[in-house]
Structure formats: C-alpha cells, structure tokens
1. What's the number of the only condition in (1) open to solvent by less than 50 Å² (accessible area, probe 1.4 Å); (2) away from the ligand (no atom under 12 Å from the Cβ); (3) within 14 Å of the chain's Cα centre (by Cα) that Glu132 fails to meet?
2. Looking at (1) under 18 Å from Thr4 (Cα atoms); (2) of a type outside the set (Ser, Thr, Tyr); (3) under 16 Å from the mean Cα position of the chain (by Cα), which is the only condition Arg253 fails?
3. Restricting to the stretch 93-129, give me the number of residues that are away from the ligand (no atom under 16 Å from the Cβ), open to solvent by 30 Å² or more (accessible area, probe 1.4 Å) and part of a loop (DSSP other than H, G, I, E, B).
4. Quick one: in the stretch 79-92, which of the residues that are of a type outside the set (A, V, I, L, M, F, W, C) and free of Cβ contacts under 8 Å to residues at least 12 places away in the same chain is least open to solvent (accessible area, probe 1.4 Å)?
5. Do we have any residue at all in the stretch 172-187 that's of a type in the set (D, E, K, R) and closer than 21 Å to Glu110 by Cβ?
6. Given the structure, is Gly202 under 30 Å from Asp158 (Cβ atoms) and of a type in the set (Gly, Ala, Ser)?
Amino acid sequence: MIKTRKSLIAGNWKMHLSRKEAGELALAVRKGLDPDMKHEVLFAPSFTNLEAVRQAIHGSPILLAAQDVHWEDAGAYTGAVSPLQIKDAGCTHAIIGHSERRKIFLETDEIINKKLKSALKNSLFPVLCIGETLEEREQQKTYRVLQTQMQKAFLEIDAGSASKIVIAYEPVWAIGTGKTATPDQAQDAHVFIRKELERLYGENFATGFRILYGGSVKAENIDSLMAQPDIDGVLVGGESLKADKFLRIIHFRV
Ligand code: PGA
C-alpha cells in the first residue's frame with residue numbers, strides 16, 4: 001500500500017532520562033537510522049534535555065519537539081516555557097494537550113486552543129493529542145469526546161494554520177497500560193477524526209492531514225498499526241526509551 005501522507009514516528013520521552021542518557025539515546029537512534037528512510041522521526045525530550053538531544057541529532061533529519069508549550073511569548077508564568085524559548089532551544093514541534101497534561105495538570109480544551117494558536121503564530125508545528133477514557137469508550141461516547149476535543153481545539157484556527165497541525169489519537173486507556181487499541185479500533189477512530197476534519201475544513205484538507213496513533217505502541221504491533229490506511233504514524237512513550245525497540249518501530253514494515 002502506498003500512502004500519500006508522509007509517515008511520522010514520534011518518541012515522547014516524558015519525564016525520563018538525564019541529559020547524558022537522553023543524548024546517548026538520541027545518538028544511538030541516529031546511528032541506527034536507515035539512510036534511505038522516507039518518513040519523519042521526532043524526539044520529544046524533557047525541556048532540560050533539549051540541548052543535549054539537539055546536539056546529538058544536529059545534521060541528521062531527526063526533528064525536535066517540546067512536550068508542552070505555554071501560550072504567552074514571555075511574562076510572569078513561573079515554571080512555564082514559551083514558544084519563543086522552545087524555538088530558541090532548537091524545536092520545530094510541540095506536543096500539545098497530551099492526556100497526562102489534561103488529567104494531571106487540569107488542562108482544558110480552552111487552554112489547549114490557546115496553546116495551539118500561540119505555537120502556530122510562532123511557526124511551531126503542534127502535535128495535538130486527543131482521546132477518550134475507558135469509561136467514555138464503555139459508554140459509547142468515544143466519537144462525541146473526539147468531536148468536542150477537536151471542535152474546541154480548532155476554534156478560530158483557519159485552514160492554512162490548521163494544516164500545520166498533526167493529530168495524535170491516543171485512547172487514554174491504552175497509554176502506558178500495555179493495552180493497545182486493535183488496528184481496527186484505531187483505524188475506526190482515525191476515520192472518524194478525518195471525517196470531522198472534512199466537516200471543519202473540507203475534503204482536500206482532511207485528505208492531506210496526518211493522524212498518528214498513540215498508546216502502548218511497540219515493536220510487536222507497529223506493523224499491523226501502520227498497515228491501516230488512515231494511520232499516518234505513531235506517538236510512542238515507553239518503547240521510545242529503548243534504542244533497539246524504537247528503531248524497530250521507526251523501521252516499520254508494511
Ligand atoms: P505509551 O505512551 O507508548 O507508553 O503508552 C504513549 C504516549 O503517552 O504518548
């Protein structure tokens with residue numbers, strides 16, 4: 001199957017690794033990359049590890065992301081990091097609205113919308129995370145939840161700007177639990193998300209838009225996930241911390 005959308009394999013290293021460990025992991029993955037690889041690879045280390053990883057990937061095609069971004073360019077926001085600072089640290093991308101940010105740090109759809117607008121204004125490519133909890137899935141609310149998260153996230157963002165966003169569909173019940181959505185479940189959700197994008201921005205927009213899957217992605221399930229027509233890549237947590245496993249995921253076979 002030839003996919004027209006360029007695949008993206010992203011590693012979210014969350015609150016793990018020292019500077020040394022992050023630099024070593026980045027270097028090990030860089031060294032193992034297939035030089036003929038046609039898709040994109042992205043690392044999202046902690047803020048404190050951005051510089052070490054930037055140096056390790058310098059001159060390679062690997063992209064650098066922050067795991068979060070504040071909505072203001074500067075100001076009295078203790079503990080926050082602005083889009084200007086993130087760009088200055090070498091990032092081209094920022095993860096926004098990860099379910100851990102939503103749940104633990106109480107980020108609302110309104111905050112996520114502000115962060116998206118700010119990232120886009122500052123020419124950062126956002127990776128917007130959406131997804132339902134187990135309870136919501138069991139109550140047959142998955143589509144409604146995804147629709148609400150999307151409508152609120154994309155509020156007042158025009159098609160030109162929105163086309164810079166990548167969505168990561170991450171069912172909350174599959175994150176860090178070892179329970180992956182089946183390829184069919186993921187494909188179903190991706191089709192729904194693409195339909196919603198079509199409703200918001202039109203068919204051409206939706207056809208070109210990349211939607212990643214995230215939640216317990218591993219070497220053992222990457223090939224069957226990537227074989228789905230609407231899965232354009234993955235956002236990987238735990239398994240992106242091991243160079244050999246992450247390389248196998250990056251070099252998926254379809
Ligand atoms: P996981 O995390 O791969 O460890 O489930 C995915 C994520 O949170 O992006």
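1. So the condition that Glu132 fails would be (3).
2. (3)
3. 3
4. The initial filter retains those residues of the stretch 79-92 that are of a type outside the set (A, V, I, L, M, F, W, C), namely 79, 82-83, 85, 87-88, 90, 92.
Within this subset, residues satisfying the condition of being free of Cβ contacts under 8 Å to residues at least 12 places away in the same chain are 79, 85, 88.
Details: Gly79: 79, Gln85: 103, Asp88: 133 Å².
Among those that are of a type outside the set (A, V, I, L, M, F, W, C) and free of Cβ contacts under 8 Å to residues at least 12 places away in the same chain, it is Gly79.
5. So in the stretch 172-187, the residues of a type in the set (D, E, K, R) come out as 179, 184.
Next, from what is left, pick out any that are closer than 21 Å to Glu110 by Cβ: none.
No.
6. yes
The values are calculated or read from the model by the stated rules, or taken from the named source; none is laboratory data. Just so we're clear, the structure is a prediction, and the values are computed from it rather than from any experiment. Cβ coordinates were reconstructed from backbone atoms using ideal geometry, including for glycine residues, and neighbour counts include every protein chain displayed. When the accessible area is computed, the model is the full protein with side chains, heavy atoms only, and any ligands, DNA or RNA have been set aside. Shrake-Rupley method; radii C 1.70, N 1.55, O 1.52, S 1.80 Å.
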